[in-house]
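Just below is one structure, and these are the notes that go with it.
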Amino acid sequence: MKTNIHKLLGKIIKLCRQEKNLTLQELAYKTKLRREYLKMIEKGKAKGVRLKHIDKICKGLNISFDYLSESLKSVNKKVP
């Protein structure tokens, strides 16, 4: 079965946001990205998300890009 990287990325971002007790609106404010765009990313519906946007999200969540990357690798290994 093919893993949907967009959905995995969205799930990890959402989990990190929830762990930080941030709403989508608060993350949008911190990142200067639209709330609707962030919502699409979290749902895995935003295709071709730019690296600079992922970087903004990481900074808004106070996580490193490496942490996000390693989380993706870890989750991807667990998916059959």
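The values are calculated or read from the model by the stated rules, or taken from the named source; none is laboratory data. Note that the structure is a prediction, hence the values are computed from the model and not measured. Glycine also receives a Cβ, built like all others from the backbone with ideal geometry; neighbour counts cover every protein chain displayed.
Evaluate region 54-61: report whether one residue or more is loosely packed, with under 14 Cβ neighbours inside 10 Å and in a loop (DSSP other than H, G, I, E, B).
Among the residues of region 54-61, not one is loosely packed, with under 14 Cβ neighbours inside 10 Å and in a loop (DSSP other than H, G, I, E, B), which makes the answer no.
Which residue pairs have Cβ atoms under 7 Å apart, sit 6 or more places apart or on different chains, and have a first residue in region 19-47 that is on the phi < 0 side of the Ramachandran plot and of a type outside the set (Gly, Ala, Ser) and a second that is modelled with pLDDT under 95 and not in a helix (DSSP H, G or I)?
Listed pairs, sorted by first residue: 37/46; 40/46; 41/49.
Scan region 25-35 for residues that are surrounded by 12 or more Cβ atoms within 10 Å (Cβ to Cβ) and closer than 18 Å to residue 52 by Cα and jot them down.
Initial filter on region 25-35 (surrounded by 12 or more Cβ atoms within 10 Å (Cβ to Cβ)): 26-31, 33, 35.
Those that are surrounded by 12 or more Cβ atoms within 10 Å (Cβ to Cβ) and closer than 18 Å to residue 52 by Cα: 27, 28, 29, 30, 31, 33, 35.
Looking at region 66-77, can you tell me whether even one residue there is surrounded by fewer than 16 Cβ atoms within 10 Å (Cβ to Cβ) and in a loop (DSSP other than H, G, I, E, B)?
Scanning region 66-77, I find no residue that is surrounded by fewer than 16 Cβ atoms within 10 Å (Cβ to Cβ) and in a loop (DSSP other than H, G, I, E, B), so the answer is no.
Select the helices (runs of 4 or more DSSP H) contained entirely in region 1-51, then report the ones holding at least 2 residues which are modelled with pLDDT under 95. Break it down into steps so the answer makes sense when it comes.
Working: elements: 5-19, 24-31, 35-42.
Output list reads 5-19.
Quick check, is residue 12 touching a residue at least 60 places away in the same chain (Cβ under 8 Å) and buried (at least 17 other Cβ atoms within 10 Å of the Cβ)?
On the way: touching a residue at least 60 places away in the same chain (Cβ under 8 Å): yes; buried (at least 17 other Cβ atoms within 10 Å of the Cβ): yes.
Here the answer is yes, as residue 12 does meet what is asked.
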